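What follows is one structure encoded as structure tokens, with my remarks underneath.
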Amino acid sequence: MSESQNFPENASLAQIGGVLRDHQSFVLISHVRPDGDAIGSQLALGYALIAAGKNVRLINEDGLPDNLAFMAGSERIELPPAEPLDVEVAIALDTATKPRLGDRALHAASKAKIWLNIDHHVSNPRYGDLNLIDATSPATGQILYQLITALELPMPAETRDAIYVAVSTDTGSFQYPSTTAKTYEMAADLIRRGLDVGTINSNTYDNFPYRRVELMRALLNTLELSDDGVVANWTLNDQTRIDLALMPEDSEGLIDIIRAIRGVQLAVFFEELHDGKIRVSMRSKDRRLNVCEIATEFGGGGHALAAGIRMNGPLGEAKKLVLGAIRRSIAAAGM
Ligand code: 5GP
Ligand code: MN
């Protein structure tokens, strides 16, 4: 059973099960710029509900990214339709705040009578009618595994594979400290259920477009290390994105390269977006440096060791502000 049940603010798995059982039509949504856990969570719960005979729509503000198109069943991920869907229940997955679902997705789900909010972000403000937030879970996909198995919902191949991709991508291939024995036990169970480990990992990690490696080269040219060697950052500017015809998902996970530098405790990725906003991605290797707290100062959020911000530009100003907040956090931690 889920650790989440230790939190009284959470709905019980049985209450969530009741909502799933007593309704027929569902829309499942995840956050803008979806990653493996976002799309994986939609497919995991979506295909379990489809197999249980429900009517299910899977929508995402930004649609299905190319790098996840290998996922079985992913062709059902749609852009939000212009008109609100006639659905009884909306389920937000892996989404730390309601606005991160996107305006068009929220409009498409606006006729839903009941909102479920299933997530693992510690900063999630519990915007659902029923919430299942488990910040001890390394991925929303693992919460769904517990939900699906506890409720004895069907687990078709699409669900099985999607759970694995969700958890693998959110744990840096089962490496981050959030990975627990339960995570490995879950993976073992998925393999026993027929998951093909070699193929799914190859599709997830050995299948990048060439432009992603060109992006790596461009990013390396911007790499900066603080004098004490504790903070590394690199920057993707607008022109590079245009020159390399980059897609949003091309930078996914690259921050792990600078996070892996010996001595670096905090890695930061700055990215100029089309609209002039700046996306900031942060990773910490040290519990004393809580990047979620730093992100929250600027209206972002996430987890203690992985967090993000979308803030106003220009780039130079955003860098100065965020790197300043990081220095204060390092000083406060006495490091
Ligand atoms: P990433 O750096 O991979 O984009 O995101 C790391 C974590 O921070 C993810 O769990 C993601 O959901 C969260 N995150 C990223 N950007 C934002 C943001 O702008 N706002 C909030 N609230 N969370 C974010
Ligand atoms: Mn996640």
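Table for the structure above
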item: Descending semi-axes in whole angstrom, ellipsoid equivalent of the range 13-199, from the Cα gyration tensor; result: 23, 17, 17
item: Low-density loop positions, trypsin sites (Lys or Arg not before Pro), the range 180-267 - DSSP coil, at most 11 other Cβ in 10 Å; result: Arg262
item: The chain: radius of gyration over Cα atoms, expressed as a fraction of 2.2 N^0.38 Å; result: 0.97
item: Considering only the range 210-332, percent of DSSP beta bridges that pair antiparallel, nearest 5; result: 75 percent
item: For the range 48-137: accessible area per residue (Å², 1.4 Å); result: 41 Å²
item: The range 210-332: equivalent-ellipsoid semi-axes (sqrt of 5 x gyration tensor eigenvalues, Cα, Å); result: 22, 16, 12
item: Within the chain, longest stretch clear of exposed GluC sites (Glu not before Pro) (DSSP loop, no more than 10 other Cβ within 10 Å); result: 153-335
item: Cα-centred dipole magnitude for the range 21-155, charges only on beta-carbon of K, R (+1) and D, E (-1), debye, nearest 20; result: 220 debye
item: Point-to-point label distance, Asp238-Met335, nm (Cα→Cβ direction, 7 Å offset); result: 3.3 nm
item: In nm, spacing of pseudo-spin labels at Met216 and Ala181 (7 Å Cα→C-beta vector); result: 3.6 nm
item: Part-to-part distance (alpha-carbon centres) for the range 44-85 and the range 115-129, which is given in Å; result: 20 Å
item: Å² per residue, accessible surface of the range 210-332 at 1.4 Å; result: 49 Å²
item: Principal axis dimensions, the range 293-332 - Cα atoms, whole angstrom, descending; result: 26, 22, 13
item: Nearest-10 value in Å² for the accessible area of Asp189, using the 1.4 Å probe; result: 30 Å²
item: Highest-fluctuation residue, Val213, Val56, Val165 considered, GNM on the chain with Cα pairs under 10 Å; result: Val213
item: Computed FRET value (nearest 0.05) for Asp286 with Glu224, which takes r as the C-beta separation and R₀ as 22 Å; result: 0.70
item: Rounded percent of accessible protein surface that carbon and sulfur make up, the chain, 1.4 Å probe; result: 51 percent
item: Which listed pairs, of Lys54/Lys113; Lys285/Lys319; Lys113/Lys277; Lys54/Lys111; Lys54/Lys98, have C-alpha distances above 27 Å, in listed order; result: Lys113/Lys277
item: Amide hydrogen neighbours beyond the local backbone of Leu236, cut-off 5 Å, H modeled; result: Phe270, Glu271, Glu272
item: Cβ-derived FRET efficiency at R0 25 Å, Asn207 paired with Ser173, nearest 0.05; result: 0.95
item: Point-to-point label distance, Lys277-Ala82, nm (Cα→Cβ direction, 7 Å offset); result: 2.4 nm
item: The chain, dipole about Cα centre (Lys/Arg Cβ +1, Asp/Glu Cβ -1), debye to the nearest 20; result: 540 debye
item: Over the range 13-199, relative contact order from alpha-carbon pairs under 8 Å, at least 6 apart, %; result: 24 percent
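The values are calculated or read from the model by the stated rules, or taken from the named source; none is laboratory data. All values reported here derive from a predicted model rather than from experimental measurement. Quick reminder, even Gly has a Cβ in these numbers, built from the backbone with ideal geometry, and neighbours come from all protein chains shown. When the accessible area is computed, the model is the full protein with side chains, heavy atoms only, and any ligands, DNA or RNA have been set aside. Shrake-Rupley method; radii C 1.70, N 1.55, O 1.52, S 1.80 Å.
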